[in-house]
Each structure stands twice: as C-alpha cells, then as structure tokens.
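Participant: After the structure tokens below, expect a handful of questions from me.
The values are calculated or read from the model by the stated rules, or taken from the named source; none is laboratory data. Keep in mind that this is a model prediction, so the values were computed, not measured. In this analysis, Cβ positions are derived from the backbone assuming ideal geometry, glycine residues included, and neighbour counts consider all displayed protein chains.
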Amino acid sequence: MAEKVLNIATDQGVDAEAFLLHNRELSIEVNNAQVETLKQAEEIGLGIRIIKNGCLGFTYTSDLADNAIITAVKNAINIAQFTTPDEHNSLPKKQENYPELGFLYDDEFNTINIDEKINLAKRVEEIAQNYDNRIKIVESATYEDTEFSSLIVNTNGLYACEKANYGGIYVFLVAEEQGIAENGYAMMVNRKLYDINPELVAKEATQNALRSLNAKRIDSAQLPSIMEPYIMTKFMGLIAQMINANAVQKGKSLFANKEGEIVASPIFNLVDDGLLQDGIASFPFDSEGVGSRKNDIITKGILQGFLYDTYTANKAGINSTGNAARGSFRGLPTVGTTNFTILPGDKTPKSLISDIEKGFYITEVMGMHTANPVSGDFSVGAAGIMIEQGELTYPVRGVTIAGNLIDFLQDIDAIGNDIRFFGGRSSPTIRLKSLSIGGE
Amino acid sequence: MLNKNVLTKILDIALKKGGDFAEIYVEEKTVNNIFCEDNKIERINGGIEKGAGIRVINAGNTAYVYTNDLTESGLLNSAITASNALVNANSAPISNINLQVRKPNYTLDCLKQPDNMGIEDKITKILDANKLARNISEEIRQVTIAIGDSKKKLQIANSNGVYVEDERLRVRLIANIVSGRDNLIQTGYESAGGVCGLELLDEFSLEALAEKAANLSLNMLDAKPAPAGKMPIVMAAEAGGTMVHEACGHGLEADLVQRGLSVYNKKGEKVANEKVTVIDDASIPSKYGSYVFDDEGEVGQKTILIENGYLTNYMYDYLTAEKDKVKSTGNGRRESYQHKPIPRMSNTYIAPGFDKPDEIIKSTKKGLLVKKMGGGQVNTTNGDFVFEVSEGYLIEDGEVQYPVRGATLIGNGPIALTQIDRVANDIGYAIGTCGKDGQGVPVADAQPTIRIKELTVGGTAIDHDNLTIKRIRRK
C-alpha cells in the first residue's frame, strides 16, 4: 500500500511520504465487580505527505482500497499547488540502522486471558472500596492496553517499521464525610503487563481523596509552594510548547533567542529522551522516520537548545533532533516531546516540606489548558494542603495560583530525589520560593 | 452507506448471545482545513475516514467495538466480538428487528456548500485577513488564520427499530494573534463556528475576527496584572457561556447525577436565584452545538434544565434515560465512531432577563468586568469550577477602568448560581470543544450580561490593605 503511494508520486515527479498506522485497543471499565463497558477497537489509516517544488500537500484516508489511495495521493498533489512554497520543506534522508529497543513489546498482553485483565480492574475497585469507609463511590476502575504498528516510507528511500504496546490501570473515586465529597485519582501505565500494580494505584487514589476532605478556604497570599510530581507534569505541558522550535521560529515562545542563557534555577535540569529504557514514549524513530535520541534542553538552568523536526531543523540550519510527532495518521508531523523529564535533585520530598514555616503543598490544579504557553501567563484553580511549621496540616480548596512561567522556573529553590512517570512526562517534587495564591 | 438488510443482520448477530439492546453507528467524515501562519499558506489538510461502532447493552452494561472495516464480513466479525464481550448475558435474543426511518422534527439548513467554494477563494479571504491584522500595528508578531469545514454522513440503526440517516456540515473560523513589546508577549483569539455552510463567512468575516483578535492582543499588552481575591463579577453577554457550561451544565448530565458524582442531585429543588433559567437546545439554527438527531438517533430538542431557579430536568442519553425510566432528551453524543455515546450538552444558555446591561455595570461599585472568557473546567463532585478571563476590565464606582490580564475565576457552582443577582435582556454566544471522558464534542454556550455577587479572582496583584480589612470584618 505504502509502495503504491511512492510509485504514483514518482510517476508524477514529486517527493512523497506514506505514514501507515495500525492501532488496536482494549478498554475494560468495571463497576460493582461487573464489566460495565468493554471496548475493543481496531483502526488503520494512511497519511500522505507530498512536496512539490517546495509546496506541501497532505491528505489522509482510512480506506485502503486501491482507488481510495490513488484518489488520496492525487488530492495531496492537487493541494500542494495552493500552499506557499518553502525551501525548508523536505523529507528526511534514508536513515541507517535504527537503535534496537528490546522493551517495546510485551507478548504477555496477547497471551493472557481477557479475564485476567478484567480482574486487574476488579482488584483496583475492590481494594479501593474496602480501604476506608469514607470511600463512597468508585466512579470508574479501568484497565486499558494499546498496540500499534507504524510504517514510514518516503521517496528518499527511507524505510522505518516497528511495533509497540503498553497497558495500564486508572481509577477515579469519591470520598465523603459530613455530606462533602472529594475526588481521588491515580493511574499506572507500563510497558510490562506484570509490572502493573492494582494495590499501589488503589491506595494512591484513596489517599488522594481522603487527604482532601474537610478542606478550608484561605485568604490570598504569597507563599512558598511545593508541587507534587503529577502537578509539575501538567506545567511541563506549557514548557513543552516553549521549547518547541516551531513556536520559537514563529515568535511564539518566550525562550526565543535565549539559547545559552539562564532561563531557570541553577538546580533545574530538563531532558527529552526518545530512547529512555522502558519509557512509554520510547520508539526507535520519530513520526517522519528520523532516529530517536536523547536531547538535553535545560542544564543547570541554562537553555541548551530546542526540539526540532526536519522542517524546523532545515530552517535553523541544523539536524532534526528526532522530535517529529503526530497524534494519528490524520495530520502532518509537528514538533513534540517524547519522554520528557525533569531530573531528580538530592533532597527527600519530606525535607522540602520540613524547611517551610508557612507554605502551600499543591495536589490539584484545574483549568491547566487555559494557561497561555505563548505569554507564559498562568492562572489556574488549585487545591492542596497548608504547610505550617514544617508539617502538612489542613486541606485547602477553591483557590487559584497565578504567575508567569519565566518567574516560575527561576523561583525553583529545591528539587526532590523522587521521580514519578505520568505517561511520557516525569518529574520529581518541586519547591518554589514564592507563588501568588488567590483566595478569599 | 449500508443497506438496511445488512444493518439488521448485524444487529441480529450482535444480540445472538442475548442483551437488551444493540446499535450500529456508521460514520463517513470528510475534513478540509486551510491554515495560514508566518505570512503564508502553511498547511492544507484534507482527509476521509470511515468507520463503524457496534454497541450491545445488557442489564446496563455495555460492549463497544469499532472498526474501519465496513465490509459486511468485517462488520459481522465486529458484531460477533461485541456479542462475545458481554459477560453473563442471559436475556433471550431479540428477533424480528424492523427498522423504521425516523423523521426529524426540524432541519438545519446549509445555504452555501463548502465544496462549492474553490480553495483559491478561501485562500484569498484568509490572506486578506492576515494582511489586515499585520497592518494594524508593528507590535503584531504572529498571525494565524484558519478555515476548517467538515462533513459527517451518519447512519444509525438499533434493535428498537430506530433507523436514522443524517448529514452534518460544520464550519469553523479561527484568528489567533500574537503581539509583543520587549519581553512581554500577549495573544488574542477569536473564533466562530456553526452547523451550517460557508454562509457563516457572511455573518462573521475572517477580517473582522482577525481585527478583533489583533486589538485584543494589543490591548492586553497595556493591561495591568489582575487582582487576587473575592469580588463582584459582571459578565458581558459577548463573553459567551463558559461559566454556565462549567458551573452547572456538566453537573446536570444524567450519568454524573446517577453515579452520585454531581452536586445537582436535587430535582425540583431551588438551586439558583429566581432570575436564572438554564436551557439546553440542540435545535437552534446554525449554532456550533446544534443537530437534528443526536448520535443515538434521538431527535434533537430543547430541554429546560433550571426554570426560575428550580431544577426541572437533566440531560439524558438512551442508557441513563432507561435507568431513570424517562425518555432520552436527545443528548446522547459521541466524538466519533470510536466512542460510545454519553450525555452531553448541545447549545446551553442562561435565558435573557429584564435588566439593562449598562445599568448592571453602573450599579457595581467595585468589581471585574469579563468581556471574553476562555476555557474552563469543573470538578462535578464538589462543584468547584474555574474559567479563564481572556479579556477583563476593572470596574470602579460603576465605571469601566483599565484592562487586566492573567485572571482565572474560581467559584463553586451551586453557590455561584444563587449569587447571580442581575440578568440582562441581551444574549451572546461562544463556541468550544467540550471534553468529557476523553471525548471532545462541539458545543455552543450563551448567556446575557449577568452579575455574580462574588467569585474569587486569581490574579497576581494582591491587595494587602484589603486583606487586613477583610480579616477584621470576619472577627
């Protein structure tokens, strides 16, 4: 099929790339020890990128019949006559030897019986329900696994093909005391089926809900603040856009022209590693077939560089960093992160708290998608626990935290020696000197 | 499109091992997007995707299977998978399914088919808007203009004999402007969208959207940091309805109510100020959340959720309606064939009242005027919601003063609804993509100019004098 795309393109004298993605998914949601929703899915699709005299055309199709593919290629070539020519549009060259990653595929996902997968979800629910009598509702306990194969070929002779799988469990629950209800959530995603641990997930979600009960409101203040790893990974979504070469080149990043400069606290180290051992986002090549690698982004607070795909790298006159990403076969590749990691520091999370006389320990943020990656401004809802005399005291909700990411990164004054992964992002516990908290 | 005999056969197979209900949803979606950034037509994307989702329900539990393989054998295989996935189905198979075409209650017209406008003409409009925005000021650093249209052809058939065919056109226009001064960068975003054809461009020209977004981003360069703390909030009609969507819309979706996950399990009770009436209406012509049939083949309708402060109804899909033994309100929606339908909003709004917008501002001594809202989020379990203020102004002594930036508002749904003390006689819409359970669906929200007695503003400018006064008062 992919060959067909290239043959038509060659006949028409244009450069072409075929991206074929096959995806299989299983999701089991359990409620009261019954399978409430079982979803099985299979999806296949082809994305076609054409470059004709520097002009870009793109189409996709889920119909892989001969005539549908021919139509899609012709449409992509047709579209290319309307886009603005750009000398930096090019397809990657043929790549030699992609790295071999032995951990991408765990056959156990295919060999075990579906009942065992159902049991994983049931276990999470059962443990959570019986953990504490204040856990009133387990909203959902879910097992999910995904397997995908990706094939990329282009008219430069590039050929890349690999498959991977992973699975995980998720739980949402509600604790209630004196008529007031609070949520708890936890997840675990793993490359190895037998590393998935329902006890840990159930306990974490339960504790998250229980610690939020009987929350108070507080007055507005400027306080030293601690971000749990999960909260920090949400902020990393904003950072990811600021170090994206596409945003940088278009004047949409506060980090533009700051390579080699201090952009964060000297204890802050940020890397993106497409080959990370057991990483959920690890893959031998990126979404246009360029070999994956590890990229240092911020080292000891100094900005080392940005993440590039082939187009943005051409524009900058350097090599792609292997960060072309696509969410599906339906779009062109853009710049994206892989395993995006803040490196752990040397202090225990506990000591980060015990140093604070009065502060705020943040356990939840709301409306993170409203933060602005271009201006760096964020103002989001938050909940957490007050720190007094070095101890976690009472829970707080209904407040906001606000600031600008530039100040945020400079204000980091301690980093924990813990690290937690949430999908492709991971972070230790982080402490800020001061943060604006909006309350009563 | 598949013929009815094939669909019937698939439903029969899906129910072979028992089950109370089976459904097949077939979708063919064509998408066209033109995207201009960096002063050039950077991307044109087009694509076509076909797929089907088969659902079997037994005793409230669901098996859902989807596939891109729309051949008869492919679909029958998926039906078998769905049937096998049902654990402990014990009801007898339903037989003699007789598919009857369901008639719509109304139509949503498309005056200008997007296919009839050439790519060149769309590009001309886009480039004109790009040029206009760039000429407004030297501080404009980046301009993004996009037109997207999509066509979804649907076929839905279920074991209750419902058969629906539908075609939905949707158009969306976007202008995003970045302006900068020294190290400060601000953005302005404007969008318009509807279930309609390119006549949308007559109502909202791309140039006008671009100009508005450009002025907003420039305006925000001059803005002062927003205050932090509680204060009265006036929301202009033009700000749209993100607040109502988050503060009560989600909590009135029947699945959340039935699971005990909503603070609004209070049907018949007073939950809002008597000036407040909240309505969800899929039948409004050309709005972004409109539809003739929902994604389960139920006819779209207008549902009064809160009437004069009293909670009157929830939004139901088929499954939750069965559970409450009521009729679906036509709110069963899904992002695509890859998702099972769940209760979702369509076009949700607070109905206009009798106050005059100007007088609401004039009667506010100190507060925040919200002229444009961005995204939001709600925790339906405790009712806390947030939404972004993308254009805000401080009100002092009834007069609109300077613009402020960086403010999110946080409040609690049930409390905020009782604190709406003014409702004006105007109305304004905003469009969005609403996310729930990993599914995004297009919605519109609207409201008149309203005032909420107090919400917490999440700015960075903390007024320490004010804090002290507040503390004393509390003692």
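Participant: For A:CYS161, work out the one condition from (1) more than 10 Å from chain B (Cβ to nearest Cβ); (2) surrounded by fewer than 19 Cβ atoms within 10 Å (Cβ to Cβ); (3) without any contact (Cβ under 8 Å) to a residue 24 or more places away in the chain; (4) not in a strand (DSSP E or B) it doesn't fulfil.
Facilitator: (4)
Participant: To continue, here is another question. For the range A:50-57, does any single residue satisfy the condition of being in a loop (DSSP other than H, G, I, E, B) and closer than 28 Å to B:SER78 by Cα?
Facilitator: As a first pass, look at the range A:50-57 and keep what is in a loop (DSSP other than H, G, I, E, B): A:53-54.
Imposing the further condition that a residue be closer than 28 Å to B:SER78 by Cα reduces the set to none.
No.
Participant: Can I ask one more? Tally time: how many residues in the range A:35-88 are among the β-branched types (Val, Ile, Thr), under 21 Å from B:GLU27 (Cα atoms) and at the interface with another protein chain (Cβ under 8 Å from one of its Cβ atoms)?
Facilitator: 3
Participant: Check off (1) touching an Asp or Glu at 6+ places or on another chain (Cβ under 9 Å); (2) under 26 Å from B:GLY229 (Cβ atoms); (3) in a strand (DSSP E or B); (4) in contact (Cβ under 8 Å) with a residue 40 or more places away in the chain for A:GLU440 and give me the number that stays unchecked.
Facilitator: For A:GLU440, the exception is condition (3).
Participant: Does the range B:171-223 hold any residues that are among the β-branched types (Val, Ile, Thr), under 17 Å from B:LEU127 (Cα atoms), under 24 Å from the mean Cα position of the chain (by Cα) and within 14 Å of chain A (Cβ to nearest Cβ), and which are they? Show your work before the answer.
Facilitator: Start the filter on the range B:171-223 by keeping residues that are among the β-branched types (Val, Ile, Thr), which leaves B:171, B:174, B:177-178, B:185, B:187, B:195.
Filter again for under 17 Å from B:LEU127 (Cα atoms), leaving B:174, B:177-178.
Applying the additional criterion that residues be under 24 Å from the mean Cα position of the chain (by Cα) yields B:174, B:177.
Once the filter is applied, which keeps residues that are among the β-branched types (Val, Ile, Thr), under 17 Å from B:LEU127 (Cα atoms), under 24 Å from the mean Cα position of the chain (by Cα) and within 14 Å of chain A (Cβ to nearest Cβ), the range B:171-223 yields only B:ILE177.
Participant: Which condition number in (1) over 15 Å from B:TYR337 (Cα atoms); (2) modelled with pLDDT of 95 or more is the one that B:ASN84 fails?
Facilitator: Here B:ASN84 meets the rest and fails (2).
Participant: Please enumerate the residues belonging to the range A:4-34 that are over 18 Å from A:GLY331 (Cβ atoms) and among the aliphatic types (A, V, I, L, M).
Facilitator: Passing the criteria: A:LEU6, A:ILE8, A:ALA9, A:VAL14, A:LEU26, A:ILE28, A:VAL30, A:ALA33.
Participant: Sort out for me the strands (runs of 3 or more DSSP E) sitting completely within the range A:336-390 that have 2 or more residues that are farther than 30 Å from A:GLU288 by Cβ.
Facilitator: Passing ranges, in order: A:358-366, A:377-388.
Conditions (1) touching a Phe, Trp or Tyr at 6+ places or on another chain (Cβ under 7 Å); (2) away from every other protein chain (no Cβ under 11 Å); (3) surrounded by fewer than 24 Cβ atoms within 10 Å (Cβ to Cβ), marked per residue:
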site	(1), (2), (3)
A:PRO344	no, yes, yes
A:LYS347	no, yes, yes
A:ILE356	no, yes, yes
A:THR363	no, yes, yes
A:ASP377	no, no, no
A:GLU391	no, yes, yes
A:ILE406	no, no, yes
A:SER436	no, no, yes
A:GLU440	no, no, yes
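Participant: Let me ask something additional. Only one of B:ASP426, B:ASP421 is on the phi < 0 side of the Ramachandran plot, surrounded by fewer than 22 Cβ atoms within 10 Å (Cβ to Cβ), charged (D, E, K, R) and not in a strand (DSSP E or B); which? Even if it seems obvious, please write down each step before you answer.
Facilitator: Details: B:ASP421 fails: not in a strand (DSSP E or B).
Of B:ASP426, B:ASP421, the one residue that is on the phi < 0 side of the Ramachandran plot, surrounded by fewer than 22 Cβ atoms within 10 Å (Cβ to Cβ), charged (D, E, K, R) and not in a strand (DSSP E or B) is B:ASP426.
Participant: Based on what the data block shows, is A:GLY398 out of contact with any Leu (no Cβ under 9 Å at 6 or more places or on another chain) and assigned by TED's automatic domain parsing to the domain that holds A:LYS433?
Facilitator: Against the criterion (out of contact with any Leu (no Cβ under 9 Å at 6 or more places or on another chain) and assigned by TED's automatic domain parsing to the domain that holds A:LYS433), A:GLY398 qualifies.
Residues checked against (1) under 30 Å from B:THR456 (Cβ atoms); (2) of a type outside the set (Phe, Trp, Tyr); (3) buried (at least 24 other Cβ atoms within 10 Å of the Cβ):
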site	(1), (2), (3)
B:ARG141	no, yes, no
B:LEU154	no, yes, no
B:TYR163	no, no, no
B:LEU184	yes, yes, no
B:GLY188	yes, yes, yes
B:GLY194	no, yes, yes
B:GLY197	no, yes, no
B:SER205	no, yes, no
B:ALA226	yes, yes, yes
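Participant: Can you go through A:THR206, A:THR233 and tell me which one is assigned by TED's automatic domain parsing to the domain that holds A:ILE401, part of a helix (DSSP H, G or I) and over 16 Å from A:VAL335 (Cα atoms)?
Facilitator: Testing whether each residue is assigned by TED's automatic domain parsing to the domain that holds A:ILE401, part of a helix (DSSP H, G or I) and over 16 Å from A:VAL335 (Cα atoms) leaves just A:THR233.
Participant: If you don't mind, there's one more thing I want to ask. So, in the range B:34-67, how many residues would count as being in a strand (DSSP E or B), among the aliphatic types (A, V, I, L, M) and more than 7 Å from chain A (Cβ to nearest Cβ)?
Facilitator: To start, the set of residues in the range B:34-67 that are in a strand (DSSP E or B) comprises B:34-37, B:40-58, B:61-67.
Then keep just the ones that are among the aliphatic types (A, V, I, L, M); that gives B:34, B:41, B:44, B:48, B:52, B:54, B:56-57, B:63, B:65.
Now restrict to residues that are more than 7 Å from chain A (Cβ to nearest Cβ): B:34, B:52, B:54, B:56-57.
Total satisfying the criteria: 5.
Participant: When the range A:22-34 is examined, which residues are found to be facing chain B (nearest Cβ under 7 Å) and either of a type in the set (Lys, Arg) or under 14 Å from A:LEU6 (Cα atoms) (or both)?
Facilitator: Listed by number, the list is empty, since nothing qualifies.
Participant: Follow-up. Kindly indicate whether any position in the range B:95-117 is surrounded by 14 or more Cβ atoms within 10 Å (Cβ to Cβ) and not in a loop (DSSP other than H, G, I, E, B).
Facilitator: Yes, the range B:95-117 has at least one match.
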